[in-house]
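What follows is a short report on a single structure.
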Amino acid sequence: MSLSAGGSADRANCTCVVGLQWGDEAKGKLVDLLSDQHDFVVRFNGGANAGHTIVWGDRKFKLSLLPAGVLKPHLKSVIANGVVVYPPRFLEEIDQIRAAGIDVGANLLLSDHAHVIFPYHLEEERLSESSDEGAIGTTGRGIGPCYQDKVGRACGVRVGELLRPDHLRERLHYVVPRKNRMLQALANGKETKPLDADRIADEYLKFGERIQPFIADSVHVLHRALREGKRLLFEAAQGSLLDVDHGTYPFVTSSNSSPAGIWPGTGVPARRINRILGVVKAYSSRVGRGPFPTELNDGPDGLGERIRKTGREYGTVTGRPRRVGWLDVVATRYTASLASADEIAVMLLDVLSCVNELSICTAYEINGKRCIEFPADSYAVEQVKPIYETHAGWSTDVSRARKLSDLPTAARRYLDRIGELLGLPISVVSVGPDRDQTIMV
């Protein structure tokens, strides 16, 4: 089997770990492992809708906002300007980690330019998602409405403004009445309780006092780190197929969840990134609504449900069951190209030990014609018919494998075929959730 690590850690001053599917690719585990080779871990997009689970020995941490590197006090973890922040969740995760005996202090930075999620954002999303017509299957965490305010400018509030009491109160006295009128319209005649600007200001100024030690101008911090030759690891939330510009629009997230988000989301120019590790599951999964060509819709006793239970495919943030299906190489080849990935990590290979025969989608049929290009538009993707090739399963527990030669022949052939179809070397294979259940090639 011929697998290569692509870029090495010593030459890669700036590395990006990015999901190439619809998120939930187990990126957090890789960030945790690779953080040992870096000085900074930087989150550049999304909000508290992007969960990742980190397993440390017999302890499990479920984080949705803090970077995975925050568990290591010797690293600098940065929530950069491209992230939207819900202060109660930010503080809750810090308290969770501290309660486990892990220090969180100067090792965590929060950009003063990151935008803030307020109660009216959550209510706006709740009302928007309550309609079957407008619902897109969000997590209900106020992410989209906050990004709308950021781009719209009139109502956006940045983290740094939480430290300016008079300014924040004046700002909310302008914003909240506008939001109350909008929420009343979204309620479509149903009674809604108006939000109080002073009450929100009082609550968020208290948040600001607790958050103040973490707040910094992250752009200057990161540029200083680059000048000093520090090694930066960029952590993408969600997956590239949910990218607001390049994913299955409109069933996407509200930010650039591909490496395209690094430059605007951190201020670090794209040319400084010299290693991009694309992450895929050995199969596919998706949360929420939207097209999913390879989805296994086979009922409660079918193969899809077996993979879901074996892989514990339930959302870290919401607990929602994930939709599961076969690996879609058409979609993954598109996102790998979009990301300019140098290498691939294949995760959750152990889950497929429950399957006797595997399928890989290698092409689509669109209007009776074979196509190998992914149409990044949900309306077009809904019309495609996947074309599969089948592979023998291995029906053997691979969770104890620590090198490629430990894997069954069928599993190695499956990996070989993935690398061949994507045209990229596979540098990591994960065979379980623990740190040591990882084959580094």
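The values are calculated or read from the model by the stated rules, or taken from the named source; none is laboratory data. Note that the structure is a prediction, hence the values are computed from the model and not measured. All Cβ positions, even for glycine, are placed from backbone atoms using ideal geometry, and neighbour counts span all protein chains on display. Just the protein is used for accessible areas: all its heavy atoms, side chains included, with ligands, DNA and RNA removed. Shrake-Rupley method; radii C 1.70, N 1.55, O 1.52, S 1.80 Å.
Annotations
- Residue list for region 170-190, filter: in a loop (DSSP other than H, G, I, E, B), free of Cβ contacts under 8 Å to residues at least 60 places away in the same chain and within 14 Å of residue 126 (Cα to Cα): 188, 190
- Residue that is nearest to residue 289 (Cα to Cα), among those in region 368-380 that are in a loop (DSSP other than H, G, I, E, B) and touching a residue at least 40 places away in the same chain (Cβ under 8 Å): 377
- Leading residue by the ranking (farthest from residue 34 (Cα to Cα)) among those in region 407-421 that are touching a strand residue (DSSP E or B) at 6+ places or on another chain (Cβ under 8 Å) and open to solvent by 20 Å² or more (accessible area, probe 1.4 Å): 410
- Checking each residue in region 56-110 for being of a type in the set (D, E, K, R), closer than 14 Å to residue 29 by Cα and outside any loop (DSSP other than H, G, I, E, B) picks out 59, 60, 62.
- Any hit, region 163-181, residues being within 17 Å of residue 215 (Cα to Cα), in contact with a Phe, Trp or Tyr (Cβ under 9 Å, 6 or more places away or on another chain) and open to solvent by less than 40 Å² (accessible area, probe 1.4 Å): yes
- Contact map, region 405-432: residues that are closer than 16 Å to residue 328 by Cα paired with residues that are at pLDDT below 95, Cβ distance under 6 Å, separation 6+ or inter-chain. Pairs shown: 416/1.
- Selection of region 333-358 for residues being in contact (Cβ under 8 Å) with a residue 40 or more places away in the chain and more than 24 Å from the chain's Cα centre (by Cα) yields 353, 354, 355, 358.
- Criterion (touching a Ser or Thr at 6+ places or on another chain (Cβ under 6 Å) and closer than 25 Å to residue 69 by Cβ) met by exactly one of 236, 225: 236
- Candidate set: region 279-301, residues that are small (Gly, Ala, Ser) and either more than 17 Å from residue 326 (Cβ to Cβ) or out of contact with any Leu (no Cβ under 7 Å at 6 or more places or on another chain) (or both); chosen: the one least open to solvent (accessible area, probe 1.4 Å): 285
- Looking across 127, 108, 75, one residue alone is under 20 Å from the mean Cα position of the chain (by Cα) and surrounded by 15 or more Cβ atoms within 10 Å (Cβ to Cβ). It is 108.
- Matching entry among 121, 113 (being more than 15 Å from the chain's Cα centre (by Cα) and in a helix (DSSP H, G or I)): 121
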